[in-house]
Amino acid sequence: MKLIFLKTQFNRTSIRALLSSLEIRLWRDDGNLEIEVMNLSDLNRICGENIQDNSVTGSGCDTILCLSFSSASRIDFSELIHKVRESNWQPLVIAGGAHVSSFLSDAFVMGVDVAFPGQAEESLAEFIEKSLGFSESGRKKWFAELRASAQDLREIVKTRPELARGMMLDWGFLKSENLILPGRLQSLDVYPCLPEKNPLIGPLEITRGCSFGCAYCEIPRKFNESVIHRSPDILIRCAERFGMWSMRFISPDSFSYPWMSELFEGLAKVESVRDIYWGSFPSEVRPDSVTLSKMQMVSRMCSNRNVVIGAQTGSDAMLNRIGRGHSVEDVENAARICRMADLNPLIDIIVGLPGESEEDDQATAAMCERLVKRTASRFTMHTFMPLPGSRMRFEESGTIGKHTLAFINKYRGKGVVQGNWEKQESLATQLRDLYVRYGIIE
């Protein structure tokens, strides 16, 4: 049996975690399981040429195509699955990731045969183990049954909006072999940071999950609002094992990591490590977790000079509405402390939040102006997107307020404002159109 994982620049973290769990639980030298990681161009070539060479793709009945994607990548993956279905090569298509976790009904309509919402290290390994337990003929029959039942689900979901909506809100809404519910990891230390055979070197996950439950975010739902960390000694050994020289990390709030000092001191002793990046993408900082001692530690022991601070809005009323759990004062204090530690604050702002009033807009623009003048802050602007796993998924996106837009126009091209808010506006529209298409909203 062969597993093919599709690797993109956006899903490498998920693929690394899944490969690590499979290596620990299922790797064997008997030739019964082969794992390959491909990029999009490889898969497009296979589909386009209708390759039937077993040395490249494996036989149709014995190949599983493993996908992981977010809502922002939905269109690209939908097109890929369509190409797979149109080709002579017919693997079993399984999928997980943020979009699958949040919008199961759409995943099946896209052409997915088996869905893995939530944390899939345990559930995927169990599914593959079950697959390996069949004879080749038995596996062929089982995969055919899974494809047929997935096709039945597709037809049902297209005509029943209540089912499409129910499968967004509750993973237990559907009882089917096509839905594999997640296990629950108690610690990130259960599996290695990187797989041995396909390491895919990149930022290391140090924290998974978030307990704050911001209304625009789908991370708390995906991980059941639990928060788990990876121990510093595991991270240090990984750096040594793979000779890593540039250390970046993944965390929703890197300053909440309990062992910053131990990790930095340990990595400083690893011969290969030249640079440590902390508090920069993809490990931003919550304003209320900022302290002078932590900022000074980053300034002294890390290579990044910018620290990304998640403000999201300059209105206390909007901060309360979206459930951020901090104040505007916390944001300004965090930027001030950042400067005290000789670091540059880079502030995240979300424009077009649902229900944003002109007063909220004025407050955001005013906060941004104060931060420019007092702390020489810079800003990354994002457009609100109604992510299917968030509490605000069905709310109407707003537009950029005139006061915030004036701020953007004033500083655009001066190195103060950056971001892909215009592209995100288009993605937000696509998501709402998707909900309308399913009859979930009007």
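Laboratory data are not the source of any read-out in this text; all were calculated from the coordinates shown. The model shown is predicted, which means the values in this text are computed figures rather than measured ones. Positions of Cβ are generated from backbone atoms using ideal geometry, with glycine treated the same way; all protein chains shown enter the neighbour counts.
Given a Förster radius of 25 Å and the C-beta distance between LYS373 and ARG12 as r, what FRET efficiency does 1/(1 + (r/R0)^6) yield to the nearest 0.05? Display every interim value, and only then the final one.
On the way: r = 39 Å, r/R0 = 1.56.
That gives a FRET efficiency of 0.05.
Order these peptides, 386-399, 121-134, by their mean beta-carbon neighbour count within 10 angstrom, highest first.
Values: 386-399: 19.7, 121-134: 17.3.
Per-residue Cβ counts within 10 Å, averaged per peptide and sorted highest first, yield 386-399, 121-134.
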Checklist entry - Rg (Å, one decimal) plus Dmax (Å, integer) for the alpha carbons of the stretch 201-437? => result 18.4, 56
Item to check | In sequence order, calculated HN-Hα J values of the stretch 355-363 (Karplus, 6.51, -1.76, 1.60; Hz; x Gly/Pro) | outcome: x, 5, 8, 5, 5, 4, 4, 4, 5
Item to check | Positive-end residue of PRO203, ILE180, LEU124, charge dipole of the stretch 98-217 with Cβ unit charges | outcome: ILE180
Checklist entry - Using just the C-alpha positions of the stretch 240-305 as equal point scatterers, what log10 of I(q)/I(0) does the Debye formula give at each q in 0.14, 0.27, 0.29 1/Å? => result -0.38, -1.33, -1.47
Checklist entry - Taking 1 over the mean of 1/r across every pair of different Cα atoms in the stretch 2-173, what Kirkwood radius in Å do you get? => result 16.4
Checklist outcome for this item: The answer for ILE350, listing residues at least 5 apart or on another chain whose modeled amide H is closer than 5 Å to its amide H, is GLN312, THR313, HIS382
Checklist entry - For the chain, what relative contact order do you get, as a whole percent, if you take Cα pairs closer than 8 Å and at least 6 residues apart? => result 12
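Could you compute the FRET efficiency for LEU181 and LYS414, with r as their C-beta to C-beta distance and R0 at 45 Å, rounded to 0.05?
Working: r = 50 Å, r/R0 = 1.11.
The computed FRET efficiency comes out at 0.35.
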Checklist entry - Quick one: of the DSSP bridges fully inside the chain, what percent are antiparallel, nearest 5? => result 5
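Fewest to most neighbouring Cβ within 10 Å: what's the order for ASP253, ASP433? All intermediate terms of the calculation are to be shown ahead of the outcome.
On the way: ASP253 21, ASP433 9.
So the ranking, lowest neighbour count to highest, is ASP433, ASP253.
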Checklist entry - Can you list the residues, at least 5 places off or on another chain, whose amide H is less than 5 Å from the amide H of GLY183, using H built in the peptide plane? => result GLU122, SER123
Item to check | Folded to 0 to 90 degrees: helix 121-132 orientation relative to the chain principal axis, Cα | outcome: 10
Next on the checklist: Using only the alpha-carbon atoms, how far is helix 40-49 inclined from the longest principal axis of the chain? Give it as 0 to 90 degrees, nearest 10.
Outcome noted: 30
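Determine the calculated [θ] at 222 nm for the chain from helices alone, applying -39500 (n - 2.57) to every DSSP H run no shorter than 4 residues and normalising by the residue count; nearest 500 deg cm²/dmol. Before the final figure, lay out the partial values.
Working: 18 runs with 197 residues, N = 442.
Calculated mean residue ellipticity at 222 nm is -13500 deg cm²/dmol.
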Item to check | Pairwise FRET efficiency - ASP76 versus SER231, Cβ, R0 = 30 Å, nearest 0.05 | outcome: 0.25
Next on the checklist: If I histogram all Cα-Cα distances within the chain using bins 20 Å wide from 0, what percent of pairs lands in each bin?
Outcome noted: 24, 53, 22, 1
Checklist outcome for this item: The answer for GluC sites (Glu not before Pro) in the stretch 207-302 that fall in a DSSP coil and have at most 14 neighbouring Cβ atoms within 10 Å is GLU225, GLU271
Checklist entry - Considering amide H positions built from the backbone, and no H for Pro or chain starts, which residues 5 or more places from ILE250, or on another chain, come under 5 Å of its amide H? => result LEU204, GLU205, ILE206, THR207
